[in-house]
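Reviewing the structure listed below.
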Amino acid sequence: MREYLLTLCVTAAVTYLLTGPVRKFAIVAGAMPEIRARDVHREPTPRLGGIAMFFGLCAGLLVADHLANLNQVFEKSNEPRALLSGAALIWLIGVLDDKFEIDALIKLGAQMIAAGVMVMQGLTILWLPIPGVGTVALTQWQGTLLTVALVVITINAVNFVDGLDGLAAGMVCIASAAFFMYAYRIWYSYGIEAAAPATLFAAVLMGMCVGFLPHNMHPARIFMGDSGSMLIGLVLAAGAISVTGQVDPDVMKLFSGSERNAVHQMVPVYIPLLMPLTIIAIPAADLILAIVRRTWRGQSPFAADRGHLHHRLLEIGHSHSRAVLIMYFWSALIAFGALAYSVNSASMWIVLGVVGLSAVGLVLLLLPRFTPRAPRWAEAFVPPRYRRRRAAPAPGAAEGAGSTEDAASAGAAEDELRAPVPVGVSGGPGVPGVNGATALGARSRVPRG
């Protein structure tokens, strides 16, 4: 565990320290695209944060290769090299896209090629544990197609959810933390060395996200861009592929006792089929809804719009930070709920806990719909939005009329500021479709292009 933590800290430190110079490089290189209608920031913000994340990945793998115990992962398996090869290819395509805006079909082809490169080097699904059937061996073509599909879906799911400051990095960090606990339990508790690469990938991925988040939290100083979102999506998929199709369920020796006990004991084997889906459940749901929505409108599935889940949270009244935290909450609930169920599937307390937290999450989602007013005696202890509005004193009729008009104007201005800006409505000169803000104040000194 100490070596995993050391690898995580080195990855986070390298990513954090390189993000500042990368931001300056992105500004000089002009990697600051114009603000689009679906964006939620007011000023051009540099991209290319994936450069720092990629070098953090390289540093983490390099350190792990020189540690006493983790060195065995590189000697007994070719999966770390396969991951690095696929990551380098997808990262390069992402950097070019952040600068030159590559066509969506070209990026899709590059994602499939990167997955194929990993398959050629041994990072592929060899078998699947299917409930009621057992372990099913896959042919080479079946394993390749399933691996490529999982990689492409995960990359695009993470890319789709990258719409608010700190959202994608935080959600992937939560998912990788849950996945690290699961893979480490398989490796340590059952003594299965085949789960060690997935554990290493999860630790490195956590380091990449933790190191980048301080620069990317609202208001963001830099975006990860496609070079970062596709990269962390690939690493997340690589860990899921490694532990799903490489770990042999028979090695766990869970087939003992009655049939009912065997079914309960086999839950840790079946969880790898669900864990890759649970850790990207929110991004995957957003991806599916986006494809259905755009296809229903007669648009291309790759056509960008402002209908993602985080956009809808902003539209119903959530602030930027609260929308991100709500997405964090649901990601953690799904990922760690699946993890807890894999540890003890027979516990009713786990199910009740997940149901209770889901109810809390629904209340948080609908919070802007309710504006409770505090009693007079408690107004000093609550935020201003929960206080009752008091009418301004009107000593004379003329002054009272003027005060009423001023109050009405102020209220209208406040409502106008709070109302969501629809797509295509200009928010000012040079800022089409403004929705929210990221780099504001003295921090932003980027000249408008």
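The values are calculated or read from the model by the stated rules, or taken from the named source; none is laboratory data. Predicted model only: the values in this text are computed from it and were never measured. Neighbour counts are summed over all protein chains in view; Cβ atoms, including those assigned to glycine, are modelled from backbone coordinates with ideal geometry. Side chains are part of the model used for accessible areas, which takes the heavy atoms of the whole protein and leaves out ligands, DNA and RNA. Shrake-Rupley method; radii C 1.70, N 1.55, O 1.52, S 1.80 Å.
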Select from segment 208-263 the residues that are among the basic types (K, R) and within 30 Å of A137 (Cβ to Cβ) and write down the one among them that is modelled with the lowest pLDDT. R260
Can you find, within segment 33-50, the residue that is modelled with the lowest pLDDT among those that are open to solvent by 20 Å² or more (accessible area, probe 1.4 Å) and closer than 22 Å to I90 by Cβ? P33
Among the numbered conditions (1) closer than 28 Å to R322 by Cβ; (2) surrounded by 24 or more Cβ atoms within 10 Å (Cβ to Cβ), tell me where I186 comes up short. (1)
Mind listing just one residue for me: the one in segment 291-318 that is under 18 Å from M171 (Cβ atoms) and assigned to a loop (DSSP other than H, G, I, E, B) and, of those, modelled with the highest pLDDT? H318
Quickly run through segment 116-131 and pick out the residues that are part of a helix (DSSP H, G or I) and either in contact (Cβ under 8 Å) with a residue 60 or more places away in the chain or among the charged types (D, E, K, R) (or both). M118
Selected residue (criterion: farthest from V95 (Cα to Cα)) from residues of segment 189-235 that are surrounded by 20 or more Cβ atoms within 10 Å (Cβ to Cβ) and among the hydroxyl-bearing types (S, T, Y): T199
Considering only segment 59-83, state which residues are surrounded by fewer than 17 Cβ atoms within 10 Å (Cβ to Cβ) and assigned to a helix (DSSP H, G or I). L62, D65, N71, Q72, E75, K76, R81
Identify all residues within segment 205-221 that are part of a helix (DSSP H, G or I) and either over 14 Å from V235 (Cβ atoms) or in contact with a Pro (Cβ under 9 Å, 6 or more places away or on another chain) (or both); write none if there are none. L213, P214, H215, N216
